[in-house]
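The values are calculated or read from the model by the stated rules, or taken from the named source; none is laboratory data. In this text the structure is predicted, and so the values were computed from the model without any measurement. With ideal geometry, Cβ positions are generated from the backbone for all residues, glycine too; neighbour counts draw on all protein chains shown.
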Amino acid sequence: MNNQLYPFERNRYYPGKMLTTADFQAEQDYYINKTRFMNSLMYGAGIVCGLGVFSLDDLSILVESGVAIDGTGREIVVDSSVVRKLSAVEGFSDIKGNNATLCVRFKEDPVHTVYSVSHKDSDKEYEFNRISEGYELFLTEKQVKPKDYELQTEFLLRETVFKSENFLAEVVVPAIVSKGRNVRIVLSIRKISDEDVRFSARGILEMPVFATAEGKQELEIGVEDLTLTQGEVWRKDYWVCVQDVPSDETNLILKSGSMTAFENDTAVPAVQSFTQKVRLTKDSPLELVNGEIGHMNLEMRGMGGEKNLIRLADIRIARTDSSYLIEEIKDSGARRHIAAPSQELLRSHYIEYFEKGVELKAEAGKLPDTASQGSILPLSSNATEMASGTLEIPLGRNARPGDVRYSGEIAHGLGKGNVYVEVGYEYISDDRSLGGNARSTVYGNPELFSTTNHDMVKVETAVRVLNDKGSFVVAARLLGQVDHLVLSFRWVAVKFPGGNDLEMAEDYYDKSISADTPTVTMGTKESHFFGVQFNNMKACSITYELTAPGSGEISADGIYTAPAKEGVYEIHIYCTDMPVICTYAYAIVKRKEHLEEAAALNAQAVLDSVESKLK
């Protein structure tokens, strides 16, 4: 099939033009291809909604109704749920193994037979009058999901830390990162062979400008006893913070001699060292990503991936001599969903249940929450939250002074409640002091600066905050003549405490918390839950942290796991929104044999005490 939708060619009409079948076909092709072209660019390929796959019994499946868009931008609509025996699905007879992938693709069928008035051939007496756009389900041999074509190969840096006949291990990091922001470093391990081999590795990355949540500039990476199937990829994320330094570049270094690797407990050679140069910028991550995506040309967008099918689920089949059984239906690795703009408000509402916002210097594995049009950062541990972003308001070609234009509804990402939003006009002008263009934002009345800068549009703004929806709408009125088609604005949203949050701002006098068991004696690698009592205050969110490295592990819900080393370890417990209200607990960690000796001594002491009282 020809997936080329462009260049676009439309009919030119003139008096006396004779229209033929080819002309009418060109008319249809123009609008159909334009729509599909924009679908593929704006949404990509994937599932918009529905199309879940379930097993009804050992032989049959159900595919829910839903909508998908394939790689050519064609809409695939399954208008009602479908029940099929797996053996009746196209391609089943070609499946030789026990694994298959259920797919759906766009299909056209000619319908509505009519008599052809001007037919010439006897076999063309009747023609189909319409084309029905539908779909077709089919099965194919399960394959490793095709890798999406990387938007810009220079965007991610990959360094090999280990390679053998069985495994390939790489460290992946963005080539350019934002100062003062979090960034993810990924350890990626791919199984190359089909041999049954366990893999372990350890190494240390030195990061002069990056810092872990503990403030360290060394990062230990690795895995223990990893087993994979051929083609499977295992990834582990390490979150670090990029320090705001004057330099424009830094190096990520594998510490010399630190990398060790084992296959089935046998040491194998690994990379001894590498140095990877990473660029630093003041631009936000969103600006970096948008810039990289914008570099792609049409040829690059057309490379990679399946164009004419949508993967719905992987199915594992158990075969007998005369029949088959559906063992498992798994969709997590096969499906790809499209984040439709119409679902943005619902998506923002659901995300509120998972993240309120995290500190800039995040713990490993966390990332500052990002709204669709901006980013969110808390001002302090118990203060107001903020979000910011950009928006555009289209003016059209006939905009005149006094006209009012509106933005769409924008989710600020701070959730429902008392939120204040300020909007400033953003423009680019020539700045001689910088020797080039400079970006500026004016909050308030832009007429006060119009005499000093003629590149600025005179416009006043107003914001309507939809408190119960967690969003806002911006209105802009033109105060003077403008020749722009689109105006750019920067917005800042601030959420103030209200309701229960105001109660936390009261005086801390006479309020405290205490551990249920301030001191506990336990064995190495054992676990204990440190419960909390609230004194003269309502129950609130509690944070647990260890005061020294190597002290074991403490979960977010207060379950402490002792290290393998004996000692006395301190746990800091405090109210998440009021860190000044805190307490400490202590774990006395002993080896099992020492605990048994202590228990025996205590039992003997109790026995001696009882005997002395009896005498």
Checklist entry - In the range 94-115, which residues are small (G, A, S) and surrounded by 14 or more Cβ atoms within 10 Å (Cβ to Cβ)? => result A100
Checklist entry - Would you pick out the residues in the range 481-511 that are exposed (fewer than 14 other Cβ atoms within 10 Å of the Cβ) and either modelled with pLDDT of 80 or more or β-branched (V, I, T) (or both)? => result V486
Next on the checklist: If I go through the range 208-233 residue by residue, how many of them are touching an Asp or Glu at 6+ places or on another chain (Cβ under 9 Å), closer than 19 Å to P549 by Cα and free of Cβ contacts under 8 Å to residues at least 60 places away in the same chain?
Outcome noted: 3
Item to check | Residue selected from the range 532-544 under the condition loosely packed, with under 13 Cβ neighbours inside 10 Å and not hydrophobic (A, V, I, L, M, F, W, C), by the criterion nearest to the chain's Cα centre (by Cα) | outcome: S541
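Looking only at the range 242-282, filter to residues that are hydroxyl-bearing (S, T, Y) and surrounded by 12 or more Cβ atoms within 10 Å (Cβ to Cβ); which one of those is farthest from E220 (Cα to Cα)?
T281
Restricting the search to the range 261-273, which residues are outside any loop (DSSP other than H, G, I, E, B) and either among the aliphatic types (A, V, I, L, M) or at pLDDT below 90 (or both)?
A261, T266, A267, V268
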Next on the checklist: Which pairs turn up if I take residues in the range 94-121 that are closer than 20 Å to A45 by Cβ and look for partners that are part of a strand (DSSP E or B) and of a type in the set (G, A, S) with beta carbon separation below 6 Å, at least 6 apart in sequence or on another chain?
Outcome noted: L102/A313; K107/G134
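Among E133, E165, E170, E150, which is more than 24 Å from V223 (Cα to Cα) and either modelled with pLDDT of 85 or more or over 19 Å from the mean Cα position of the chain (by Cα) (or both)? Break it down into steps so the answer makes sense when it comes.
Values: E165 fails: more than 24 Å from V223 (Cα to Cα); E170 fails: more than 24 Å from V223 (Cα to Cα); E150 fails: either modelled with pLDDT of 85 or more or over 19 Å from the mean Cα position of the chain (by Cα) (or both).
After ruling out the rest, the residue left standing is E133.
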Next on the checklist: Can you say whether S514 is of a type in the set (S, T, Y), at pLDDT 85 or above and part of a strand (DSSP E or B), as far as the supplied structure shows?
Outcome noted: yes
Item to check | The one condition in (1) of a type in the set (S, T, N, Q); (2) closer than 23 Å to G257 by Cβ; (3) at pLDDT below 90 that S188 fails to fulfil | outcome: (3)
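Quick one: in the range 545-594, of everything that is of a type in the set (G, A, S) and within 18 Å of S512 (Cα to Cα), which residue is modelled with the highest pLDDT?
A585
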Item to check | Entirely in the range 4-93, the strands (runs of 3 or more DSSP E) that have 3 or more residues that are among the polar types (S, T, N, Q) and either out of contact with any strand residue (DSSP E or B) (no Cβ under 9 Å at 6 or more places or on another chain) or at pLDDT 90 or above (or both) | outcome: none
Checklist entry - Given the range 329-447, what strands (runs of 3 or more DSSP E) lie entirely inside it while holding 2 or more residues that are under 30 Å from L187 (Cα atoms), assigned by TED's automatic domain parsing to the domain that holds F489 and modelled with pLDDT under 60? => result 374-378
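To keep it simple, each residue is scored yes or no on (1) modelled with pLDDT under 80; (2) of a type in the set (S, T, N, Q); (3) in contact with a helix residue (DSSP H, G or I) (Cβ under 9 Å, 6 or more places away or on another chain); (4) closer than 29 Å to I185 by Cα.
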residue	(1), (2), (3), (4)
Q276	no, yes, no, yes
L280	no, no, no, yes
P285	no, no, no, yes
G291	yes, no, no, yes
M296	yes, no, no, yes
R301	yes, no, yes, yes
G304	yes, no, no, yes
I310	no, no, no, no
I317	no, no, yes, no
Next on the checklist: Report every pair of residues separated by at least 6 positions or lying on different chains whose Cβ atoms are under 9 Å apart, first residue within the range 247-263 and on the phi > 0 side of the Ramachandran plot and assigned by TED's automatic domain parsing to the domain that holds S164, second surrounded by fewer than 18 Cβ atoms within 10 Å (Cβ to Cβ) and part of a loop (DSSP other than H, G, I, E, B).
Outcome noted: G257/Q272; G257/S273
Checklist entry - Within the range 518-549, can you find the residues that are part of a loop (DSSP other than H, G, I, E, B) and either touching a Lys or Arg at 6+ places or on another chain (Cβ under 7 Å) or basic (K, R) (or both)? => result T524, K525, N536, M537, K538
